[in-house]
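Participant: Here you go, one structure.
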Amino acid sequence: MLGEDAELTAAVLAAQDGDEASFRLVYRAVHPRLLGYVRTLVGDIDAEDVASEAWLQIARDLERFSGDADRFRGWTARIARNRALDHIRMRGRRPAVGGDEEELTGKPGHADTAGEAMEALATGDTMALIAQLPQDQAEAVVLRVVMGLDAKSAAKALGKRPGAVRTAAHRGLKRLAELLGGHDEMLGVVPPQRGHRGRTASSAGVTESRMRTQKDM
């Protein structure tokens, strides 16, 4: 385990021992991506409140967590999803999130590589558009691409089979690729390989990702 993953794992362990500075490091490392995920579920207006509720539970249950950085990200995603679903049940429905197709179709036509598509996913406009995908596709795309979870971890967070998550992510990325003018190039986009060669995604989540083929999703 190297780099960002090792640092996050160490920070989680220290936070479990009561180190407040380490908990702040954990929060800064995970919160931006977690907030993006929550935003796709509940919309911009309520996202901060729901994410705060998730972090309260994360802090309360942290001592019971066991695992490395990847498992921690999946664990926090599952908590955030549960808090978001509770919020949606109380409100009655999933919100309509701002943004429309013109936000992507208006981008230059040369934005057709996987790397450019990934960078576009980091923008607020595109995150709003992701939220307008069917919920299963939106969640799969955000968990796999923005939060960087593998199919197994994403499936556990969603309570689904890995194959179902791969299919939903594929369909969601295909739709986004069509809107971006990127056609099939985006279908090979998957999360960064944490703890291996090269840098992982930035706090925006997606701008320095390493690519694998679609069959690895």
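Participant: On the given criteria, is Arg39 closer than 19 Å to Pro134 by Cα and either in contact (Cβ under 8 Å) with a residue 24 or more places away in the chain or assigned to a helix (DSSP H, G or I) (or both)?
Facilitator: When the stated conditions are applied, Arg39 passes them.
Participant: Can you tell which of Ala21, Ala14, Ala6 is of a type in the set (Gly, Ala, Ser), open to solvent by 40 Å² or more (accessible area, probe 1.4 Å) and either assigned to a helix (DSSP H, G or I) or under 26 Å from Ala84 (Cβ atoms) (or both)? So that I can check it myself, show each step before the final result.
Facilitator: Details: Ala14 fails: open to solvent by 40 Å² or more (accessible area, probe 1.4 Å); Ala6 fails: open to solvent by 40 Å² or more (accessible area, probe 1.4 Å).
After ruling out the rest, the residue left standing is Ala21.
The values are calculated or read from the model by the stated rules, or taken from the named source; none is laboratory data. For clarity, every value in this text was computed on a predicted model and none was experimentally measured. Cβ: placed from backbone, ideal geometry, glycine included. Neighbour counts: every protein chain shown. Accessible surface areas use protein heavy atoms only, side chains included; no ligands, DNA or RNA. Shrake-Rupley method; radii C 1.70, N 1.55, O 1.52, S 1.80 Å.
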